[in-house]
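The block underneath contains the structure these notes are about, expressed in C-alpha cells.
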Amino acid sequence: MANEIRGLHHLTTITSDSPKIWNFWTNIMGLHLIKKTVNQDDVRTYHLYFTDDMGTGGSVLTFFDFPGIQKAQFGTDEISKTTFRVPNDASFEYWIERFKQFNIRYDEKIEELFGSKYLNFYDFDDQRYALISDENDHFNDITKPHAAWRDSEVDPQFAIQGLGPEFLTINDPKLLDAVITSVMGAEEKGREGDFTLYEFNNGGHGAQVITFLSRLIPRGVQGFGGPHHLAFLVDDKQALDYWIQRLNELGFQESGFVDRFYFKSNYFRPTPGILFELATNGPGFLLDETYEEAGHHLELPPFLEPYRSDIEKNLVPFNSGDENKA
C-alpha cells in the first residue's frame with residue numbers, strides 16, 4: 001500500500017546547550033550535522049539535524065534549545081528513550097572504550113529485549129539513549145543500514161547506522177495499542193513482561209516502537225534532556241494527505257498540512273503527553289546548500305530569510321565548521 005507508514009523518520013528532543021550537543025553528536029558519536037537552522041515555530045531556538053552521511057529519513061536525530069525551559073522529569077505518557085542501530089554485538093566493545101575515552105556515562109550491564117542487545121548511555125543533560133545491535137535484525141529497502149558520515153572519526157565498521165526502536169512509557173496500554181495498530185497499521189510483534197514491541201512495514205529495528213507499561217510513576221514533564229516528538233516516515237505528499245484525511249475522519253486533533261521546506265509534515269497526539277509526526281522522505285536537507293557546506297552555517301527556509309538579522313540576534317553563535325573539531 002503506497003500510503004503506509006514505512007518506519008521511523010526522526011526523533012526530536014531538547015538540549016540545554018546547542019554547542020555542547022553538536023560536539024557530543026558530531027565529534028564523539030559520529031553523526032553528520034547536516035542542517036543548522038531554527039525552530040520554525042519559535043525562531044529564538046536552534047533546530048539542529050544530525051543524520052547519516054546524506055540526511056536520509058530514518059537516520060535523523062534533531063534538537064531544540066528552548067530558552068528558559070526546565071529540566072525534563074521522566075514519567076509515564078511520554079517518549080522515554082531513543083536507540084541507535086550499530087552493526088553487531090561486537091560493536092559494544094568499541095563503543096564502551098569510546099565512552100570511557102570521552103567520559104560519557106553508560107550502563108555497564110548490556111541488556112537484552114526481544115532478542116536484541118542494548119547498551120544504555122547518557123549525554124550531559126542525562127538524556128536517555130541506547131545503542132542496539134543489528135546482529136539479529138531484519139530490514140527492507142527503506143530500513144536497511146544507513147551509510148555512516150564519511151568525515152566521522154568513528155570507526156565505520158562500528159558506526160551508528162540509523163535510528164532503532166523508540167521507547168514510550170505509558171499508563172494506558174489499550175489507548176496507545178489501538179492507535180499504533182488499528183489506526184497507524186503497525187503489527188504487534190511480541191511481549192516481554194511490561195514491554196510490548198510494535199513494527200511497521202516488516203522493517204525491523206528501523207521501524208519499531210516499544211512501549212513500557214508503568215502506572216506507579218507520575219506523568220513526565222517535558223524539558224531539556226527529554227524528547228519532544230517522534231516522526232514516522234511516509235513516501236510523499238500524496239501519502240501525507242491520505243493520513244491527514246484519515247486522522248481527521250477518526251476525530252484526532254491534528255495539525256493539518258505543515259511545510260517544513262526540507263520535508264512535509266502532519267502532527268497529532270496519540271495520547272495527551274505524546275506527540276507524533278508524519279514526515280515525507282524529501283525533498284531533503286541539501287535543498288539549499290551543498291554537501292560540503294552542510295551544517296557549517298545557519299540556514300533558513302525562504303519564508304524566514306527576510307528576518308535573518310533579527311533571528312541571529314537571539315541565537316548563541318557557535319562554530320560547527322571543520323576547523324572546530326573537539
Vicinal HN-Hα couplings computed from phi for region 78-84 (Karplus, 6.51 cos²θ - 1.76 cosθ + 1.60; Hz; Gly/Pro x): 7, 6, 10, 7, 10, 10, 9
Hull-based mean projected area of region 7-324, where the convex hull spans the alpha carbons, in square nanometres: 15.5 nm²
Only Lys, Arg (+1) and Asp, Glu (-1) charged, at Cβ; the chain dipole about Cα centre in debye: 660 debye
Simple spin-label estimate for Arg150 and Lys71 in nanometres, 7 Å along Cα-Cβ: 4.1 nm
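Over region 7-324, what relative contact order in percent results from Cα pairs under 8 Å that are six or more residues apart?
Relative contact order, region 7-324: 24 percent.
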Residues with amide H under 5 Å from that of Ser80, placed H, sequence gap 5 or more: Phe167, Leu168, Thr169
For Lys264, residues with placed amide H under 5 Å, excluding near neighbours: Thr280, Gly282
Of the GluC sites (Glu not before Pro) in region 272-326, those whose Cβ has at most 16 other Cβ within 10 Å and which sit in DSSP loop: Glu289, Glu292, Glu293
Filter on Lys20/Lys109; Lys20/Lys117; Lys71/Lys117; Lys117/Lys189; Lys174/Lys237; Lys35/Lys109 - keep pairs with C-alpha separation over 23 Å: Lys20/Lys109; Lys20/Lys117; Lys71/Lys117; Lys174/Lys237; Lys35/Lys109
Proxy reagent accessibility, fewest Cβ within 10 Å first, across Met184, Met54, Met29: Met54, Met184, Met29
Neighbour-limited loop hits for GluC sites (Glu not before Pro), region 105-144 (at most 16 other Cβ within 10 Å; DSSP other than H, G, I, E, B): Glu108, Glu135
Cα convex hull of region 1-44, projected area averaged across orientations, nm²: 4.8 nm²
In sequence order, calculated HN-Hα J values of region 97-111 (Karplus, 6.51, -1.76, 1.60; Hz; x Gly/Pro): 5, 5, 4, 5, 4, 9, 6, 8, 6, 8, 8, 5, 7, 7, 8
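With n ≥ 4 as the cut-off for DSSP H runs, can you work out [θ] at 222 nm for the chain, using -39500 (n - 2.57) per run divided by the number of residues, rounded to the nearest 500?
-3500 deg cm²/dmol
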Potential extension, Lys237-Leu216 segment - 0.36 nm per residue separation minus Cα distance: 3.5 nm
Reachable aspartates and glutamates from Lys313, criterion Cα separation under 20 angstrom, eight or more residues apart if same chain: Asp17, Asp41, Asp42, Asp65, Glu299, Glu305
Karplus (6.51, -1.76, 1.60) ³J(HN,Hα), θ = phi - 60°, over region 43-58, in Hz, Gly and Pro reported as x: 6, 6, 10, 4, 10, 9, 10, 9, 9, 6, 4, 10, x, 6, x, x
Computed lengthening from Asn314 to Glu108, 0.36 nm per intervening residue step minus Cα-Cα distance: 70.1 nm
For Asp134, distant residues with modelled amide H under 5 Å away: Val86, Asn88
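Read-outs: derived from the displayed coordinates by stated rules, not from any lab. Keep in mind that this is a model prediction, so the values were computed, not measured. No Cβ is skipped: glycine too gets one built from the backbone with ideal geometry, and neighbour counts run over all protein chains shown.
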